[in-house]
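> Pasting in a structure now, in structure tokens, and then I'll have a few things to ask.
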Amino acid sequence: MIEIEYSSYFVRKFKKLEPRAQDEGGERIELFCDIKNHARLEVHKLGGHMKGQWAFSVNFRDRIIFHWSADKQTAYLLDVGDHDIYK
């Protein structure tokens, strides 16, 4: 089971999401904790200026950006939002 840690920035951005997106985000984070669900969540590496970070889908619009601990047992959630978070 993957452990989750939240950056204060992530928490602030998450609270600004619409209530429905917050519900979906919470469900997706729970699914993310089981590595078997990563294909379903479209977990993928990011490149360019975000190299070393990863993302997964919350819904058709929103994504969560995170990075792994050295042992890949903990995911640090960094940002949440639409595709503009990639800029």
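> What is the gain in length, in nm to one decimal, between ASP23 and HIS83 on full extension, counting 0.36 nm per residue of separation less the C-alpha to C-alpha distance? Mind showing how you got there, number by number?
Numbers: separation 60, 0.36 × 60 = 21.60 nm, distance 1.89 nm.
Net length gain for the segment: 19.7 nm.
> Please enumerate, by chain and number, the aspartates and glutamates with C-alpha under 20 Å from the C-alpha of LYS16, excluding those fewer than 8 residues away in the same chain.
Answer for LYS16, where 20 Å is the Cα cut-off: GLU5, GLU24, GLU27, GLU30, ASP62, ASP79, ASP82, ASP84, listed by chain and number.
> Could you check the simple spin-label distance between GLU5 and GLU42, using points 7 Å along Cα→Cβ, in nm with one decimal?
About 2.9 nm, to one decimal.
> For Cα Rg over 2.2 N^0.38 Å, which listed value, (i) 0.99; (ii) 1.54; (iii) 1.22, comes from the coordinates shown?
Of the listed options (i) 0.99; (ii) 1.54; (iii) 1.22, (i) comes from this structure.
> Continuing with the same structure: Pull up the DSSP beta bridges for the chain and report the antiparallel fraction as a percent, rounded to 5.
Details: 12 of 16 bridges.
Roughly 75 percent of the DSSP beta bridges within the chain come out antiparallel.
> A further question on this structure: Just to verify a number: FRET efficiency for LEU31 and ASP71, C-beta to C-beta distance, R0 = 22 Å, to 0.05?
Details: r = 21 Å, r/R0 = 0.96.
According to the calculation, E is roughly 0.55.
> On to the next question. What net charge do the residues around GLY81 carry, taking every other residue with its C-beta under 15 Å from that of GLY81, with Lys and Arg at +1 and Asp and Glu at -1? Walk me through the intermediate numbers first.
Details: positive: ARG12, LYS13, LYS15, LYS16, ARG20, ARG28, ARG61, ARG63, LYS87; negative: GLU18, GLU24, ASP62, ASP79, ASP82, ASP84.
Surrounding charge for GLY81 is +3.
> Check PHE66: other-chain or 5+ apart residues with amide H under 5 Å from its amide H, H built from backbone geometry?
Sorted by chain and number, the residues that satisfy this are TRP54, ALA55, LEU78.
Read-outs throughout are calculated quantities, based only on the coordinates presented, and are distinct from any laboratory measurement. Since the model is a prediction, treat every value here as computed from it, not as a measurement. We place every Cβ from the backbone using ideal geometry, glycine too, and count neighbours over all the protein chains shown.
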